[in-house]
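Working notes, structure below.
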Amino acid sequence: MTRFTRLFLFAALASGCALAASAADLPKVRIFATGGTIQSRGADRQKLMEYNAGRVTPDELLADLPEVHDVATISVEEISNAGSGDMKGDRLLQLARSINAWLAQPDAAGAVVTHGTTTLEETAYFLNLTVRSEKPVVVVGAMRPFTAVSRDGPFNLYNAVRVAAAPHAKGFGVMIVLNDEINAARETTKNHTYRTDTFVARDFGPLGYTDSDRVVFYRRPTTRHTFKSEFDVSKIEDLPRVDVTYAYQESDGAAIDAFVAAGAKGIVLTGRDAEAVKRGQAAGVVFVQSDRKGSGRVMTSARSVERATPTADNLNPHKARVLLRLALTKTTDLAEIQRIFNEY
Ligand code: ASP
């Protein structure tokens, strides 16, 4: 063996060992794949809204993003590969249980969920209420398909993994990461049908940013979530039916009566038809008052108490639905339901 070969071997071994050591030291992040536009293909790279040309698998997502392996040791659990309209109660429970099982492992650092953006905020808020860990859980999506010119999915996924792998991202509850912003699940809503800056926390702004030098946070959510939540999915068999009514000029009680007839256990109101609400209450349905504006609080008042309709604070109607479903797994007592809406 020449001196040069020996030196080369030494260098190779040394760098090999260093690589092996650093790979083993990387935080472990599991991606729970559910589908959505981030896993969609389009036939035409320029048509950003036409993308029903097949699904992208988690392996393809990762093969396209080798840089993510410098951030974390990645494992994948595929829950589904569908649009977010298919996210239903049993799948939500399965997702929450799977994330809880993963995060209970001592060496798990965090979790990322890929998701369609249309109902992403509902799943994120559900997980905010049912994941029982301080470790970071990040829900990520994309506004442009995987095959588009200037797609947003890969960088969103990369940033989601950075947040899930960051020790200082613990304790913020479930986060939504798109467009370089970190937003709180409870506060954030999809605000635009197709722009990449669609997710906004209207009353609050982002928690922080996934800037290229580091992941930065500037504030914390103050409502109860994740490790401080009372909702335990290991004890919940299924989620009750809860519907939402939309109020507009001349809307009447027809939707309320129809939901009650369909077996709703709870209804979130954005307006109210007093007589239909009374009929529903007589049938045992719990009504919660939200508002269609999606910003600002609905306050508790002598009138809301008299009407026996707990108020949804500043949860938008579809988020109020998520909380009411979970609340109804524990109680139908209206004072208790109001307490839950005040705390979460
Ligand atoms: N249709 C998609 C969905 O699954 C939209 C998206 O992912 O952006 O919600």
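Listing for the model above:
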| read-out | value |
| --- | --- |
| Environment charge of Gly266, counting only residues whose C-beta is closer than 12 Å and scoring Lys/Arg +1, Asp/Glu -1 | +3 |
| HN-Hα J in Hz across segment 81-89 - Karplus 6.51, -1.76, 1.60, θ = phi - 60°, x for Gly and Pro | 9, 8, x, 6, x, 8, 7, 10, x |
| Within segment 52-185: Cβ-based charge dipole about Cα centre, in debye rounded to nearest 20 (Lys, Arg +1; Asp, Glu -1) | 300 |
| Label-point gap, in nm, between Leu26 and Arg195 - each point 7 angstrom along Cα→Cβ | 3.5 |
| Residue of Ala24, Ala82, Ala184 that the Gaussian network model of the chain assigns the largest fluctuation, springs spanning Cα pairs under 10 Å | Ala24 |
| Label-point separation, Tyr248 to Asp59 (7 Å along Cα→Cβ), nm | 4.7 |
| Segments 28-37, 200-209, 163-172 sorted - mean Cβ within 10 Å per residue, highest first | 28-37, 163-172, 200-209 |
| Karplus-derived 3J(HN,Hα), 6.51/-1.76/1.60, for each residue of segment 142-159, Hz, glycine and proline x | 8, 9, 10, x, 3, 8, 6, 4, 6, 5, 9, x, x, 6, 4, 5, 4, 5 |
| Residue with peak Gaussian network fluctuation, the chain [Cα springs, cutoff 10 Å], from Pro240, Pro145, Pro136 | Pro240 |
| Dipole of segment 86-189, positive direction: furthest Cα of Leu103, Thr119, Gly153, with charges on the beta-carbon | Leu103 |
| Inter-probe distance in nm under a simple model that places probes 7 Å from Cα toward Cβ, at Ala258 and Asp213 | 5.6 |
| For segment 179-266: span of alpha carbons on each principal axis (Å, largest first) | 55, 39, 21 |
| Modelled FRET efficiency - R0 25 Å, Ala282 with Asp203, Cβ distances, 0.05 increments | 0.10 |
| Integer Hz, Karplus 6.51/-1.76/1.60 couplings in order for segment 329-344, x for Gly and Pro | 6, 10, 7, 10, 5, 5, 5, 5, 5, 5, 4, 4, 5, 6, 8, 9 |
| Mean residue ellipticity (222 nm) of the chain, computed from DSSP H runs ≥ 4 via -39,500 (n - 2.57), nearest 500 | -10000 deg cm²/dmol |
| Antiparallel bridge percentage (DSSP; both residues within the chain; nearest 5) | 30 |
| Size descriptor, Kirkwood hydrodynamic radius, that averages inverse alpha-carbon separations across the chain, Å | 21.5 |
| Between segment 219-243 and segment 313-344, the Cα center-to-center distance that results, in Å | 10 |
| Packing-based order for 107-114, 121-128, using average beta carbon neighbours within 10 Å, highest first | 121-128, 107-114 |
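Readers should treat all values here as calculations from the given coordinates under stated rules, not as data from a laboratory. As the structure is a prediction and not an experimental result, all values here were calculated from the model. Cβ coordinates were reconstructed from backbone atoms using ideal geometry, including for glycine residues, and neighbour counts include every protein chain displayed.
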